[in-house]
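Q: Structure below; questions to follow.
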Amino acid sequence: MKRLLLLLIAAFCLVACGNGQKANNTQTAEEPKKADKILVVYYSQSNTTKTVAQEIQKQLGCDIAEIECVEPYTGEFGAVAGRWQKEQQEGKTTEIKPLSKNVADYDVIFLGYPIWGGTYASPVATFLKNTDFQGKKLVPFCTFGSGGLNTSTDALKKNAKNANIVEGYGIRQARISKVSGEVEQFLIKCGFKKGSLEQLPEFSEQKAVTDQEKDIFNKACSNYQFPLGTPSTVGARKIKNGTEYLFTVDSQNGKSQIYVIAEDGAQPEFTQVVR
């Protein structure tokens, strides 16, 4: 009798264990979230935008492709500007070579360009015309002499077919040496990279500029080839190693806002003009 009881207990344990194993096998783990496939696309006439593009590619470890003209723009700024203005007047489209990567294979497109005439360079206009961004996130970045990210973004919204355009990044050509740290902060802020984000306070309210603040503005803008106007009011905020100013400026073209960074022990420099 005792032997029969032991056999029944053993049989019960085998069934229970078998049922438990079967239950475990039917559990399904969550599918891992597919990482976005990222492509950096850029046009660079003087290699400044290329520097930014390569920095983004380096920090993200993603693919990169250059927009190349069939007939490249050559010469100094005046020659490039002259050819571009003539093409605009004649309604010509800048021909570009086929891109080395297929945009359709990617989820996120970082699109880089220099600012020409307040918007993206004409080879980028051709790229936009030939590309469908259906289901893509488009992240603009640009280089400029004084400003232009905001105006070029407005044009992107009109001409980038079906794109989901998100916050972009811009840097003055004169400040290209700062690109590594600025790109890192931008990528962290937009969620493309993990890291510590510098928390900046809001600018103080605009008030009449003092003589000292006028001097800071003049030192920051004196080397720029075009007059930027006269500052009337200013707000400020503390940043790492210095102060950032937001000047409201009066000029022949109306009011604008000019951002100036004054780091401790360094020459003040303006970062962008918003017209």
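The values are calculated or read from the model by the stated rules, or taken from the named source; none is laboratory data. Keep in mind that this is a model prediction, so the values were computed, not measured. Glycine also receives a Cβ, built like all others from the backbone with ideal geometry; neighbour counts cover every protein chain displayed.
Q: From the list 208, 160, 125, 121, exactly one residue is surrounded by fewer than 17 Cβ atoms within 10 Å (Cβ to Cβ) and among the aliphatic types (A, V, I, L, M). Which is it?
A: The conditions single out 208.
Q: What about residue 196, is it under 25 Å from residue 48 (Cβ atoms) and surrounded by fewer than 11 Cβ atoms within 10 Å (Cβ to Cβ)?
A: The answer is no for residue 196.
Q: Only one residue in 103, 80, 52 is more than 15 Å from the chain's Cα centre (by Cα) and closer than 30 Å to residue 134 by Cβ. Which one?
A: Residue meeting the stated conditions: 103.
Q: Does residue 82 qualify as being part of a loop (DSSP other than H, G, I, E, B) and among the small types (Gly, Ala, Ser)?
A: In short, no.
Q: Please determine whether any residue of region 79-88 is in contact with a Ser or Thr (Cβ under 8 Å, 6 or more places away or on another chain), modelled with pLDDT under 95 and of a type in the set (A, V, I, L, M).
A: The answer is yes; a qualifying residue exists.
Q: Across region 76-95, what is the total count of residues that are over 14 Å from residue 125 (Cα atoms) and polar (S, T, N, Q)?
A: Going through region 76-95 one residue at a time, the tally reaches 2.
Q: Sticking with this structure for a sec: Name the single residue that is nearest to residue 225 (Cα to Cα) among those in region 260-275 being small (Gly, Ala, Ser) and surrounded by fewer than 18 Cβ atoms within 10 Å (Cβ to Cβ).
A: Residue satisfying both the conditions and the ranking: 266.
Q: In the set 196, 222, 152, 146, which member is at pLDDT below 95 and closer than 18 Å to residue 109 by Cβ?
A: When all the criteria are applied, what remains is 152.
Q: Does residue 212 satisfy being outside any loop (DSSP other than H, G, I, E, B) and of a type in the set (S, T, N, Q)?
A: Here the answer is yes, as residue 212 does meet what is asked.
Q: Of the residues that make up region 165-176, is at least one in the same structural domain as residue 143 (by TED's automatic domain parsing) and either at positive phi or exposed (fewer than 15 other Cβ atoms within 10 Å of the Cβ) (or both)?
A: yes
Q: When you go through (1) hydrophobic (A, V, I, L, M, F, W, C); (2) modelled with pLDDT under 95; (3) surrounded by 19 or more Cβ atoms within 10 Å (Cβ to Cβ) one by one for residue 249, which number turns out not to apply?
A: The one condition residue 249 does not meet is (2).
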